[in-house]
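Asks: Let me begin by handing over the structure; questions about it come next.
The values are calculated or read from the model by the stated rules, or taken from the named source; none is laboratory data. Keep in mind it's a predicted model, so treat the numbers as computed, not measured. All Cβ positions, even for glycine, are placed from backbone atoms using ideal geometry, and neighbour counts span all protein chains on display. Keep in mind that these areas ignore ligands, DNA and RNA; they rest on the heavy atoms of the full protein, side chains included. Shrake-Rupley method; radii C 1.70, N 1.55, O 1.52, S 1.80 Å.
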Amino acid sequence: MYRRLRLCSNHGAYEAIPEPANPLDLRKVRSVLEREGIAVVDARVMLLAAMETEVTLSRNGRLLFKTRDPDIAERTFERLRSLLGLPAAEEPPRATSGMRSR
Amino acid sequence: MARGVMLMSGGIDSPVAIHYLLRQGQEIVAVHMDNRPFTDDSPLSKVMDHLDLLRERHQQPIPLYLVPHGPTQITLMRNTDRHVGCVLCRRFMWRSAEKIAEREGATFLATGEALGQVASQTLSNMRSATVSVKLPIVRPLIGFDKQEIEAVAKEIGTYEISTRPGLCCQAVPDKPATRSNLVQILREEERIDVDQMIDDCVRKAVIL
């Protein structure tokens with residue numbers, strides 16, 4: 001399962017971190033994304049994918065969405081999830097419904 | 001007074017270092033290594049705002065070279081040991097800055113580095129990074145601690161710009177080397193065409 005999307009430490013992007021670890025096979029990921037017409041830069045230890053917002057996909061499964069808009073991050077995450085068969089993100093806690101946990 | 005080339009990242013330290021150099025009457029040419037796609041637009045925007053503020057405060061022109069560094073990072077990530085990625089990256093930055101210094105007739109390089117603040121700022125890493133250049137390197141903040149630098153940044157008005165939201169460098173390895181070995185660094189660089197890469201990125205630099 002992925003932890004709820006949250007702003008990274010410098011508040012410049014949203015990140016999704018798998019718990020427990022969910023390593024990605026970047027070769028397979030690249031091939032799936034390119035088949036969908038998504039431009040991918042392969043930096044060996046990570047991929048940079050040009051989706052609705054640019055996404056960094058790390059070997060350890062961490063995803064970073066270069067946007068400060070939570071809706072865009074969420075949509076992009078869901079698209080990646082369906083393309084790559086990734087686990088779901090945890091539901092937001094009831095008390096903070098409608099807000100992103102930090 | 002002398003003319004120097006200053007590496008600017010958009011962080012808290014480099015505008016403070018420039019402030020001290022300008023206050024002394026040195027002429028400064030700024031260089032920003034553009035790390036996109038491993039970061040976002042925020043570092044460049046911060047550097048431009050820092051320079052506007054410093055130009056106004058010191059009434060001096062400060063040309064800015066924007067040097068593409070993302071392609072270099074990709075080559076480093078594909079071909080070299082990630083563990084020493086930060087040191088290799090710094091060596092490219094220094095050599096690019098030195099090339100620009102030659103073009104600008106500058107006689108020194110400068111940086112906002114202070115000891116021990118981040119992984120790449122240990123003495124052994126600084127040595128490994130800087131033996132790649134011949135020009136003297138000026139570090140006006142080397143003995144400052146974080147609080148002292150922040151206090152000056154607040155006083156001159158650059159702190160608020162530096163601390164705006166932004167994306168950290170995504171190319172930083174999970175466990176960067178803190179004690180680098182120059183022999184290993186040179187061996188890693190044998191895997192890539194260093195001179196060609198530096199020529200390419202400096203040729204593609206734009207002056208803003």
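Asks: Pairs B:134/B:154; A:28/B:204; B:46/B:99; B:154/B:204; B:134/B:204; A:28/B:175: which are spaced more than 28 Å apart, C-alpha to C-alpha?
Replies: B:134/B:154; A:28/B:204; B:154/B:204
Asks: Enumerate the calculated ³J(HN,Hα) couplings along the stretch B:144-154 in order (Karplus 6.51 cos²θ - 1.76 cosθ + 1.60, θ = phi - 60°), each rounded to whole Hz, writing x wherever the residue is Gly or Pro.
Replies: Couplings: 7, 9, 4, 5, 5, 5, 5, 4, 5, 4, 5 Hz.
Asks: Specify the longest stretch of chain A that does not include any exposed loop site, a site being one of the GluC sites (Glu not before Pro) with a non-H, G, I, E, B DSSP assignment and at most 15 other Cβ atoms within 10 Å. Present the calculation step by step, with values, prior to reporting the outcome.
Replies: Values: sites that count: A:36, A:52, A:90.
Result, exposed sites excluded: A:53-89.
Asks: Ignoring ligands, DNA and RNA, what accessible area per residue does the stretch B:3-207 give at 1.4 Å, in Å²?
Replies: Solvent-accessible surface per residue comes out at 44 Å².
Asks: Would you mind working out the magnitude of the charge dipole of the stretch A:6-84 relative to its Cα centre, with +1 at each Lys and Arg C-beta and -1 at each Asp and Glu C-beta, to the nearest 20 Debye?
Replies: Approximately 280 debye in magnitude.
Asks: Oh, and also: Computed over the Cα atoms of chain B, what is the convex hull's projected area averaged over all directions, in nm²?
Replies: That works out to 10.4 nm², a quarter of the Cα hull's surface.
Asks: Residue B:108 label point, 7 Å along Cα→Cβ, cut-off 18 Å on backbone N: hits in the stretch B:1-17?
Replies: Under cut-off, by backbone N: B:1-8, B:14-17.
Asks: Which ³J(HN,Hα) values in Hz, rounded to whole numbers, follow from the phi angles of the stretch B:71-80 under the Karplus curve 6.51 cos²θ - 1.76 cosθ + 1.60, where θ = phi - 60° and Gly and Pro get x?
Replies: Values per residue, Gly and Pro as x: x, 5, 4, 5, 4, 4, 5, 6, 10, 10 Hz.
Asks: Hey, got the dipole for the protein assembly as shown? About the Cα centre, +1 on K and R Cβ, -1 on D and E Cβ, debye to the nearest 20?
Replies: That gives a dipole near 540 debye.
Asks: Could you work out, residue by residue across B:168-174, how many beta carbons of other chains sit within 10 Å of that residue's beta carbon, and then give the average as an integer? Could the numbers behind the result be given before it?
Replies: Working: counts 6, 0, 10, 4, 0, 1, 5.
Rounded to a whole number, the mean comes out at 4.
Asks: Can you tell me the length gained on complete extension of the stretch residue B:182 to residue B:200, counting 0.36 nm per residue apart and subtracting the Cα distance?
Replies: 4.0 nm
Asks: Quick one: Debye curve from the C-alpha atoms of the protein assembly as shown, no solvent, what's log10 I(q)/I(0) at q = 0.16 Å⁻¹?
Replies: Once normalised to I(0) and log-transformed, intensities are -1.34.
Asks: OK, next. Give me the percent relative contact order of chain B, please, defined on Cα pairs under 8 angstrom at least 6 residues apart. Show your work: numbers first, answer last.
Replies: Working: 351 pairs, mean separation 66.3, N = 208.
Taking the mean separation of contacting Cα pairs over the length of chain B, I get 32 percent.
Asks: Then there is this: Considering amide H positions built from the backbone, and no H for Pro or chain starts, which residues 5 or more places from residue B:6, or on another chain, come under 5 Å of its amide H?
Replies: Under 5 Å from the amide H of residue B:6: B:29, B:30, B:31, B:110.
Asks: Taking K and R as +1 and D and E as -1, what net charge do the other residues with C-beta under 13 Å from the C-beta of residue A:19 add up to?
Replies: Around residue A:19, the charge tally is +2.
Asks: Where in the stretch B:62-171 are there trypsin sites (Lys or Arg not before Pro) that are in a DSSP coil and have at most 14 other Cβ atoms within 10 angstrom of their Cβ?
Replies: B:134
Asks: Further question on the same structure: How far is helix A:26-35 tilted, in degrees, relative to the longest principal axis of the Cα atoms in chain A, given as a value from 0 to 90 rounded to the nearest 10?
Replies: Roughly 80 degrees, rounded to the nearest 10.
Asks: Here is a further query. Mean 1/r over all different Cα pairs, inverted: what Kirkwood radius does the stretch B:14-135 give, in Å?
Replies: 15.5
Asks: Now a separate question. Using modelled amide H (1.01 Å from N, peptide plane; none on Pro or chain starts), what sits under 5 Å from the amide H of residue B:114, excluding residues fewer than 5 places away?
Replies: Here nothing satisfies the definition.
Asks: Only Cα pairs under 8 Å and at least 6 apart count here; give the relative contact order of the stretch A:6-84 as a rounded whole percent.
Replies: About 31 percent, as a whole number.
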